[in-house]
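Every read-out reported here was derived from the displayed coordinates using simple, explicitly stated rules and does not represent laboratory data. Note that the coordinates shown come from a computational prediction; the quantities given were computed from them, not determined experimentally. Quick reminder, even Gly has a Cβ in these numbers, built from the backbone with ideal geometry, and neighbours come from all protein chains shown.
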Amino acid sequence: MNDSEKLSNFGDQETPVCFIETVTVKEGVECDIYSFENDGSKDLAIVRVAAGAKTPLQQVLSGVTTTEGFLSGEGTLTVQSNGEATTLSFNEESPGEVLVEVGQTMQWEADPNSELVFYEVCVPPYEEGRFENLG
């Protein structure tokens, strides 16, 4: 995503956001980080996962809420809690969002034939140590 494609608003309410930076999470996974202009209680990440790639398997270690939501493409989100995994499929006909709780693990995976784009809203804003990469 180039600078002209960065968001200025997010969500149904067209909430104003301000682009901060783009971070390469790992090969095939890039993250655009935003702040909410009038709300310092949360932040936003827009994550692009290349076709066939996965995000790191992460455990949520802290925070009040971590909301993961589908934006475009096709893929899955696997959330594990107490040894039980739930895999949810997302595409244009089946969008949605999931609240991932402290202690749960999560991992997004793009379909082999489609880039996947999802968002993550962290309350409070993301700080180092919120997630632990596993494996």
Quick one: order 39, 111, 12, 32 by neighbouring beta-carbon count within 10 Å, fewest to most.
12, 39, 111, 32
Averaged over every viewing direction, what's the projected area of the C-alpha convex hull for region 1-52? Give it in nm², one decimal, please.
4.2 nm²
With an 8 Å cut-off on Cα pairs and a minimum separation of 6 or more residues, tell me the relative contact order of region 1-134 in percent.
29 percent
Can you compute the label reach from residue 91? Point 7 Å from Cα along the Cβ direction, backbone N cut-off under 19 Å, restricted to region 29-58.
49-54
Computed ³J(HN,Hα) along region 49-66: with the Karplus parameters 6.51/-1.76/1.60, θ = phi - 60°, integer Hz and x for glycine or proline, the list is 10, 4, 3, x, 8, 10, 6, x, 6, 10, 9, 7, 9, 7, x, 8, 9, 10
For residue 26, which lysines qualify as cross-link partners when the Cα separation must be under 20 Å and same-chain residues fewer than eight apart are set aside?
54
Points 7 angstrom from Cα along the Cβ direction at residue 113 and residue 19: gap in nanometres?
3.1 nm
What full-extension length gain, to one decimal in nm, is calculated for residue 128 and residue 67 as 0.36 nm per residue of separation minus the Cα-Cα distance?
20.2 nm
How large is ³J(HN,Hα) for each residue in region 113-129, as worked out from phi by the Karplus curve 6.51 cos²θ - 1.76 cosθ + 1.60 (θ = phi - 60°), to whole Hz, x for Gly and Pro?
10, 8, 5, 10, 10, 9, 10, 9, 10, 10, 10, x, x, 3, 9, 3, x
In sequence order, calculated HN-Hα J values of region 72-80 (Karplus, 6.51, -1.76, 1.60; Hz; x Gly/Pro)
7, x, 7, x, 10, 10, 9, 10, 10
If R₀ is 22 angstrom, what is the calculated FRET efficiency for the pair residue 9 and residue 99, using the beta carbon separation as r and rounding to 0.05?
0.45
Amide H proximity to residue 20 below 5 Å, modelled H, separation 5+ or other chain, gives 33, 34, 35
Using 19 Å as the cut-off for backbone N distance, which residues of region 103-135 belong to the label zone defined by a point 7 Å from the Cα of residue 27 along Cα→Cβ?
108-116, 134-135
